[in-house]
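The values are calculated or read from the model by the stated rules, or taken from the named source; none is laboratory data. In this text, all values refer to a predicted model and were calculated from it rather than measured experimentally. As a convention, Cβ positions derive from the backbone with ideal geometry for all residues, glycine included, and neighbour counts pool all protein chains shown. Just so you know, the surface numbers come from the protein's heavy atoms only, side chains and all, with ligands and any DNA or RNA stripped out. Shrake-Rupley method; radii C 1.70, N 1.55, O 1.52, S 1.80 Å.
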Amino acid sequence: MRITLMGPPGSGKGTQAQRLVEKYQVPQISTGDLLRAAVAAGTPLGQQAQAIMARGELVPDDLVIGIIRERLAEPDAERGFILDGFPRTVNQAKALDELLTDLDRPLQAAILLEVDEEAIVQRISGRRVCERCGAVYNIYTNPPAKDGICDVCGGPLVQRPDDNEVTVRQRLKVYREQTAPVLDYYRDQGKLQVVPGEGDVDAIFAALCAVIDALED
Ligand code: AP5
């Protein structure tokens, strides 16, 4: 399976990707997670990305394309991959096509999780993420059994620094201006699939799996 999950911030890409990893045994490759790891480790890339992410803007294309190039070269990506949050600009989409053509493993589909903007602001304000294993919760719709503690690994749950209303509105603006054109790019290639992203998480997962199972290699 070689897919990218698209959709505005908070549309459920990470939530669904974690389930897809379990079912299809291919890695989730999230540029947001990779950038946050670089910030936490204090690498030069992380230092460059930190302020940009806090403002809700996009990290420069050459940096994220470099991250993806390195990550796709790792052995576990040979079986396939679920890209999450990449590509986010038409430039990134073109670079990905070139990279995958060189590897002779073209993208099969870009799957859009479609969610209304107001639902997103509420979802994101309730999101909590495990600092240790990355499991995603929501204090309103999917709380952990014990407040502030991850059900999976017992790690502490934290709120992302960019998960406040002002930054979310900025991230949505960036999405409309810079990422929505990527949807047209894939639509023109006949690779765009749309799955409604509101409602029951299990039902959305089933709809995603139906799309994936129908993909041709
Ligand atoms: P990134 O980490 O990719 O953030 P994002 O795209 O804004 O997406 P999110 O992680 O916020 O949301 P999600 O769709 O994964 O939703 P989730 O499943 O968590 O990027 C962060 C920053 O990094 C960017 O702003 C940018 O600066 C930089 N960056 C990253 N990639 C880049 C790139 N390619 N180029 C340049 N810069 C880049 O769900 C959200 C919440 O909703 C959770 O609480 C969840 O429990 C809940 N939820 C999920 N599904 C449902 C449902 N069906 N019903 C109710 N609640 C639900």
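A few comments on the model shown:
- Qualifying position, being open to solvent by 50 Å² or more (accessible area, probe 1.4 Å) and touching a Ser or Thr at 6+ places or on another chain (Cβ under 8 Å), among Q122, Q178: Q178
- Residue check for L113: open to solvent by less than 50 Å² (accessible area, probe 1.4 Å), part of a loop (DSSP other than H, G, I, E, B) and not β-branched (V, I, T): no
- Any chance A49 is within 8 Å of the ligand (Cβ to nearest atom) and in contact with a helix residue (DSSP H, G or I) (Cβ under 9 Å, 6 or more places away or on another chain): yes
- Condition check for P161: under 23 Å from A37 (Cα atoms) and of a type outside the set (A, V, I, L, M, F, W, C): yes
- Scope the range 133-150; condition at negative phi and over 22 Å from the mean Cα position of the chain (by Cα); matching residues: A145, K146, D147, I149
- Search result, residues across the range 9-46 that are more than 8 Å from the ligand (Cβ to nearest atom), of a type in the set (G, A, S) and at negative phi: A37, A38, A40, A41, G46
- Only one of R123, R128 that is under 21 Å from L35 (Cβ atoms) and assigned to a strand (DSSP E or B): R128
- Top-ranked residue of the range 133-172 - restricted to ones that are surrounded by 13 or more Cβ atoms within 10 Å (Cβ to Cβ) and charged (D, E, K, R), ranked as nearest to T89 (Cα to Cα): R171
- Output for the range 162-217, where each listed residue is within 13 Å of the ligand (Cβ to nearest atom), part of a loop (DSSP other than H, G, I, E, B) and without any contact (Cβ under 8 Å) to a residue 40 or more places away in the chain: D163, N164, G199, D200
- Hits in the range 40-59 (condition: open to solvent by 40 Å² or more (accessible area, probe 1.4 Å) and of a type in the set (A, V, I, L, M)): A40, A41, L45, A51, A54, L58
- Each residue in the range 68-92 was checked for being within 21 Å of C133 (Cβ to Cβ) and touching a helix residue (DSSP H, G or I) at 6+ places or on another chain (Cβ under 6 Å), and 3 of them qualify.
Let's see how each residue does on (1) more than 17 Å from the chain's Cα centre (by Cα); (2) open to solvent by less than 40 Å² (accessible area, probe 1.4 Å); (3) charged (D, E, K, R):
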position	(1), (2), (3)
R79	yes, no, yes
L83	no, yes, no
V90	no, no, no
K94	yes, no, yes
E98	yes, no, yes
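- Members of the range 1-26 that are open to solvent by 20 Å² or more (accessible area, probe 1.4 Å) and touching a Gly at 6+ places or on another chain (Cβ under 6 Å): M1, R2, K13
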